[in-house]
């Protein structure tokens, strides 16, 4: 009983080291964190919600992560069985024919004989050094690690679907801009051609108008190709074959009214499933140190076997056929050439590696959280400036068109103004996309709504 109270190895526990007082860029560290929001409260577009639900139901990576949980659960159950006795039953029958020349049969004895048995064997290892307890602690930590890994895959999947859908809608917007611009430039080409035929414009200006139209037209198939590829990417995330993807309403409301708050730094460590998984991996590795230390010490087992044994099948179950043996067994290594110490050293090294992995995951979490908060703020500023730039270019293009039609300038001014406006409109579409992607980045970086 005294030996059974011993537990070898360090006590598993979550890594404990200081964290920053606040997430960089967060102006309200005491406020409720954006990372506490569930994905349905963040991604409110009905079409996007439907896509995410389909991905959560069918994505192969998430299905595989779920099966890894089942594996870890089964392994934990198998390890838990070490606490209990192991009983094995058996039955046998044999017929023997002995050799007289080999001395197998006594003189005058019968060369033929039979033997029947019905037995059970019991073995129960006493947890002298806490090896079984540490094994169960490690198995439980591995199970929790698998669950957190699944949550990390789920969070990443939600973010991937949302990002891909936002990028798809951005491509739709770029395609609409390209088509609208091409239609306008086609009308401008007709005007310049008519002016040339009337002797007002030159062939050079017609060529410039054609080049301007070609710039917009070539953007259309390029964007359409990107749309098809993005749709196939989304279908792959949904666990489906390539095909089209439905569209919902505009995504402007996805970002409107949201305020990205980091919350308490300690909360980030608890919300991030990848950090929690790294913590459980470390605790499992620490527990396995005790398992390997126990292997180097003597083990005590209670063993026994019993049953019935008879030369005749008719009296196998007779009381006189009963037999049993029972007793403790103590066994341990005497000389193993340092093999046991090497196992313990390897286990300690694995624990050190797991601690370093947790340290990396925690610092990566703070970095991503800071980047997401800063990205959300700065992309908002970029969108505001880009809107003003588009309006300025639109005014310049209108003035350049009026000056050209009034004969006050060449078509070169129109060419430059139209190109600047087209590029500014595309850049505004990309800036709005980046603003929405910053919301997705913040959702994932701050914990993805999982606790």
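Structural remarks
- Taking N as its residue count, the alpha carbon Rg of the chain over 2.2 N^0.38 Å: 1.67
- Computed packing ranks the peptides 343-349, 232-238 as 232-238, 343-349, most packed first, by mean other Cβ atoms within 10 Å.
- Measure of compaction for the stretch 61-194 (Cα Rg per 2.2 N^0.38 Å): 2.67
- Nearest-ten-degree value, helix 411-445 long axis tilted from longest Cα axis of the chain: 30
- Computed over the stretch 1-123, Cα set: Rg, Dmax in Å: 33.3, 103
- Annotation: Cα Rg of the stretch 197-265 relative to the compact-globule expectation 2.2 N^0.38 Å equals 2.03.
- Spread over its residues, the convex hull of the C-alpha atoms of the stretch 236-351 is 405 Å³ per residue.
- Dividing the summed -39500 (n - 2.57) terms of all DSSP H runs of n ≥ 4 by the residue count of the chain sets its mean residue ellipticity at 222 nm at -22000 deg cm²/dmol.
- Placing one equal scatterer on every Cα of the stretch 297-419 and applying the Debye formula, the log10 ratio I(q)/I(0) at q = 0.11, 0.15 Å⁻¹ is -0.82, -0.94.
- Quarter of Cα convex hull surface for the stretch 353-432, i.e. mean projection, nm²: 6.8
- Between helix 273-295 and the chain there is an angle of about 20 degrees, using the helix long axis and the longest principal axis of the Cα atoms.
- Extending 7 Å from the Cα toward the beta-carbon at both residue 364 and residue 409 defines two label points whose distance is 5.2 nm.
- Cα→Cβ-extended label distance, 7 Å offset, between residue 331 and residue 202, nm: 10.2
- Inter-centroid distance (Cα atoms) of the stretch 372-451 relative to the stretch 194-223, Å: 24
- When peptides 77-89, 207-219 are sorted by average Cβ neighbour count within 10 Å, with the highest value leading, the order is 207-219, 77-89.
- A Förster distance of 56 Å, applied to the separation of the beta-carbon atoms of residue 222 and residue 82, puts the FRET efficiency at 0.35.
- Packing-based ranking of 353-363, 96-106, 436-446 yields 436-446, 353-363, 96-106, ordered from highest to lowest mean Cβ neighbour count within 10 Å.
- Counted over all Cα-Cα pairs of the stretch 170-288, pairs farther apart than 20 Å make up 70 percent.
- The length gained by stretching the chain between residue 104 and residue 249 to full extension, at 0.36 nm per residue less their Cα-Cα distance, is 42.9 nm.
- Using alpha carbons only, the radius of gyration of the stretch 405-451 set against its Kirkwood radius gives Rg/Rh = 1.46.
- Helix 46-58 axis versus longest C-alpha principal axis of the chain: approximately 30°, rounded to the nearest ten.
Every number in this text was worked out from the coordinates using simple rules, so none of it is lab data. As the structure is a computational prediction, the values presented were derived from the model and not from experiment. Every residue, glycine as well, gets a Cβ built from its backbone with ideal geometry; the counts of neighbours run over all protein chains shown.
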